[in-house]
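The values are calculated or read from the model by the stated rules, or taken from the named source; none is laboratory data. This structure is a prediction, so every number in the text was calculated from the model and none was measured. Here Cβ is always computed from backbone atoms with ideal geometry, including for glycine, and neighbour counts include all displayed protein chains. The protein model used for the area step is the full one, side chains on, heavy atoms only, and it has no ligands, DNA or RNA in it. Shrake-Rupley method; radii C 1.70, N 1.55, O 1.52, S 1.80 Å.
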Amino acid sequence: MGSRAEQRESARQLAARLDAEGVGNVALTWVDNAGITRVKSVPAPRLSDVVTRGVGMSPVFDVFTSDDAIATSEHLGGPDGDLRLFPDLDRLTTLAAQPGWAWAPVDRYDQLGQPHPACQRLFARRMVDRAAAAGLELRMGFETEWVVTRAPQDLADAAALDYPCTGPAYGMARVVALSDYLRDVTEALTVQGVEVLQLHPEYAPGQFEVSTAAGDPLRAADDVVLVRETIRAVSARHGLRAGFAPSVVAGEVGNGCHLHLSLHRAGTSLHRTAGADWGLAPEAVAFLAGVLDALPALLAVGCPSPASYLRLQPSHWAGVYQCWGVENREAALRLVTGAPDDPDGGHTEVKTFDAAANPYLVVGAVIAAGLHGIDTAAQLPAPQAGDPGILGVRERARRGIVRLPATLTEAADRFEKATPLREALGDVLHGAVLAVRRAEEAHFAGQEPAEIAAATRWRW
Ligand code: GLU
Ligand code: MG
């Protein structure tokens with residue numbers, strides 16, 4: 001970061017560039033603890049003021065729930081106080097499917113310029129820096145799954161969902177039916193600088209998936225926000241509606257938001273170590289073991305809604321058992337080896353998480369858990385092959401395979417007691433996340449799966 005005058009000048013130049021492109025508005029987004037992307041927008045010419053003074057926003061959004069109710073934590077809630085949103089202009093992106101608009105993610109500070117202790121993006125950055133201080137670099141990327149329907153009249157009625165394609169799961173027929181739409185999704189992401197690796201139909205009716213290139217964890221979290229809002233905008237332009245909710249229709253396969261990660265030291269992958277089992281260097285083993293150990297508590301971050309637990313069913317490829325496996329799509333952690341020279345191999349996929357999660361919290365919490373694994377020299381148990389869901393209870397117990405929390409309450413209880421995570425998040429952010437989880441539990445208590453799915457279907 002340069003001096004204030006330099007920041008103003010470079011923002012002024014960016015605003016002039018936007019003006020020349022016909023962009024009048026900049027959407028400044030952050031993601032709250034319920035996983036909702038919230039926004040303030042500013043006219044593009046105001047950017048030079050905004051980079052030095054920020055934009056005002058209440059801290060109460062840290063305790064907003066997914067239904068826009070307001071919880072309270074020990075530190076947050078109520079009408080008082082103000083924060084300043086500072087856009088990261090390195091991520092300023094002209095939006096392909098919203099003509100006249102650009103986007104940038106924000107970091108949140110208080111009015112005196114101190115980092116806001118509950119800013120999730122600053123938390124993610126702190127954890128990236130913590131890894132870097134230990135000489136470690138993480139590369140991460142998210143997969144985005146979504147269900148597309150014709151814009152429905154009745155948002156709550158599952159029977160009214162009107163899919164614009166009817167072909168089989170993974171079927172070319174779905175691509176043919178929606179080829180203009182899918183081309184526009186790819187094109188919009190590409191011109192926005194997001195590298196698309198794959199785009200394909202998924203299992204559930206109307207479901208698709210896009211995966212994007214891995215990179216710096218903060219960038220990966222920004223990217224998944226941009227990807228989602230771009231898909232939403234392209235869908236709207238086609239008269240369609242995109243749903244990213246964990247459970248669009250209760251009982252169907254849901255939408256995951258799997259996290260791919262790899263660990264590197266001095267430019268060398270720790271997943272490609274010659275002579276080591278599965279290529280995993282000892283530090284990568286300990287990192288993954290730390291993540292695996294922390295998964296029950298991490299579910300309160302990565303699977304944050306009561307709707308998340310409708311998706312988390314055995315034998316639904318959602319990774320509901322606390323185990324890892326080599327290329328095992330039913331394990332919570334899937335080690336992706338690939339061929340020795342495969343550039344897409346040599347990483348691990350966390351399958352359990354969904355798109356109701358705040359991606360900044362996800363990347364930060366996963367790094368914190370992994371670094372704790374390294375600090376404690378954690379060891380991985382034996383890998384599991386096959387679907388633990390089809391084993392009997394006794395056989396699972398014999399193999400030491402434990403089911404991850406099956407309710408938000410259980411995950412939140414684990415999160416409440418997870419000292420390393422609490423220490424990494426800090427009390428203010430940890431308390432705000434917990435308050436939101438408890439409020440969501442209370443709000444949906446006693447509701448049937450179909451009611452929970454209906455209420456959350458279009459929220460993310
Ligand atoms: N839709 C599945 C989920 O709920 C994942 C399918 C896949 O393996 O990509 O996570
Ligand atoms: Mg998928």
Conditions (1) away from ligand 2 (no atom under 16 Å from the Cβ); (2) closer than 20 Å to A96 by Cα -> Q198 fails only (1)
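This table checks each residue for (1) under 15 Å from W458 (Cα atoms); (2) away from ligand 1 (no atom under 16 Å from the Cβ); (3) touching a Phe, Trp or Tyr at 6+ places or on another chain (Cβ under 7 Å).
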site	(1), (2), (3)
W146	yes, no, yes
A160	yes, yes, no
G171	no, no, no
S179	no, yes, no
E187	no, yes, no
E195	no, yes, no
E202	no, no, yes
D216	no, yes, no
I231	yes, no, yes
Answer residue from the stretch 261-273, given it is crowded, with 22+ Cβ neighbours inside 10 Å and not in a loop (DSSP other than H, G, I, E, B) and is nearest to ligand 2 (Cβ to nearest atom) among those:
L261
Looking only at the stretch 168-194, filter to residues that are open to solvent by 40 Å² or more (accessible area, probe 1.4 Å) and in contact with a helix residue (DSSP H, G or I) (Cβ under 8 Å, 6 or more places away or on another chain); which one of those is nearest to V234 (Cα to Cα)?
D184
List the strands (runs of 3 or more DSSP E) inside the stretch 274-391, counting only whole elements, that have at least 2 residues being open to solvent by less than 10 Å² (accessible area, probe 1.4 Å), of a type in the set (A, V, I, L, M) and at pLDDT 95 or above.
331-336
Just give me the residues in the stretch 110-141 being over 26 Å from L270 (Cα atoms), open to solvent by 60 Å² or more (accessible area, probe 1.4 Å) and not polar (S, T, N, Q), in sequence order.
L112, P115, P117
Based on this model, can you work out whether V224 counts as of a type outside the set (S, T, Y), within 30 Å of A281 (Cα to Cα), open to solvent by less than 50 Å² (accessible area, probe 1.4 Å) and at pLDDT 95 or above?
yes
Which pairs turn up if I take residues in the stretch 91-114 that are of a type in the set (D, E) and look for partners that are in a loop (DSSP other than H, G, I, E, B) and open to solvent by less than 40 Å² (accessible area, probe 1.4 Å) with beta carbon separation below 7 Å, at least 6 apart in sequence or on another chain?
D107/D88; D107/C119; D110/H116
